[in-house]
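Report on the following structure.
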């Protein structure tokens, strides 16, 4: 009887401590989310700023019937897959090297956190200057080695992949920190047993490190996947979605529809489609991880 009384009191205490934070989240995140949902089913535009009359899912149908929407969605998927894959592969390689390093490890981690600590806007401005076609350092170095100049951000074939490379440069540090923490927490007993059985380093990595690191790796991947799907800063500063629509990812499509097309309702509908896609990916990813566990 006393045990249930203590449990009930702990439950009430937990909610009492959590309630202020939950209320703050409800106000800060819940109110804008509900209001954006109302906008997405209304007839509100910048030229006619009134919610009523409500039009249901008409705005969603209009947005999804636009070929530019599907082009932006496909670009977002390509961009997210390339950046997350690049960040994970490079981040895992660096984390494995740091895990074997003993000397000056804090210095290496401090250097790695510099790109992550910079805002995406400042990163985009720096790289836009470095990649400037006529005066940028990148093209100056290429000319030094006898290579032709490249319009990194002005070419429809290169702009998206240049932007992805800049994103990988900045965000890999975050993946390194997560994976390095996961590697440091792995138990040593399986490795000692594998060495006794004659397993080489590659076999230890494939059959011991990767399976035990899977939960941590999954967290890193899903966080970065969410970040990449909603990326907006880099395309806005670097290319404004151009040349043409070659770098117009879904978040920038929603911005352009809302503020340049003067249709807040259609822009909100496009943003909610992006939200539903991210939510679905997150649920599917964690459900898959739970089944494997």
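Things to note:
- Order of 27, 176, 123, 55 under a 10 Å beta carbon neighbour criterion, fewest first: 27, 55, 123, 176
- Normalised by the number of residues in the range 79-217, the average gap of Cα pairs under 8 Å and 6 or more apart makes the relative contact order 33 percent.
- 286, 253, 60 arranged by Cβ crowding within 10 Å, fewest neighbours leading: 286, 60, 253
- Cα gyration tensor, the range 146-192 - rounded (a/c under 1.5), prolate or oblate: prolate
- Contact order for the chain, expressed relative to its length and based on alpha carbon pairs under 8 Å spaced 6+ residues apart, stands at 27 percent.
- The range 217-267 and the range 114-138: distance between their alpha carbon centers, rounded to Å: 19 Å
- Using only alpha-carbon positions in the range 5-83, the gyration tensor eigenvalues give semi-axes of 39, 23, 11 Å once each is multiplied by 5 and square-rooted (largest first).
- When the chain is treated as a Gaussian network with alpha carbon springs shorter than 10 Å, the biggest mean-square fluctuation among 80, 122, 246 belongs to 122.
- Computed over the range 37-124, the ratio Rg/Rh where both radii use C-alpha atoms and Rh is Kirkwood: 1.27
- Between 233, 197, 157, the Gaussian network model of the chain with springs among Cα atoms under 10 angstrom shows the greatest mean-square fluctuation at 197.
- Max mean-square fluctuation residue, GNM over the chain, Cα-Cα springs under 10 Å, options 89, 175, 28: 28
- Between residue 99 and residue 285, the FRET efficiency from the beta-carbon distance, with R0 = 25 Å, is close to 0.50.
- For the range 158-290: relative contact order, % (alpha-carbon pairs under 8 angstrom, 6 or more apart): 23 percent
- The range 59-292: C-alpha gyration tensor shape, a/c 1.5 cut-off, then a/b vs b/c: oblate
- Exposure proxy ranking, count of Cβ atoms within 10 Å, fewest first, for 160, 234: 160, 234
- Dividing the summed -39500 (n - 2.57) terms of all DSSP H runs of n ≥ 4 by the residue count of the chain sets its mean residue ellipticity at 222 nm at -23000 deg cm²/dmol.
- Once the Cα-Cα distance is subtracted from the 0.36 nm per residue extended length, the residue 122 to residue 155 segment shows a gain of 9.7 nm.
Coordinate-derived values only; no laboratory data. All values derive from a computational prediction rather than experimental measurement. Virtual Cβ from ideal backbone geometry, glycine too; neighbours counted across all protein chains shown.
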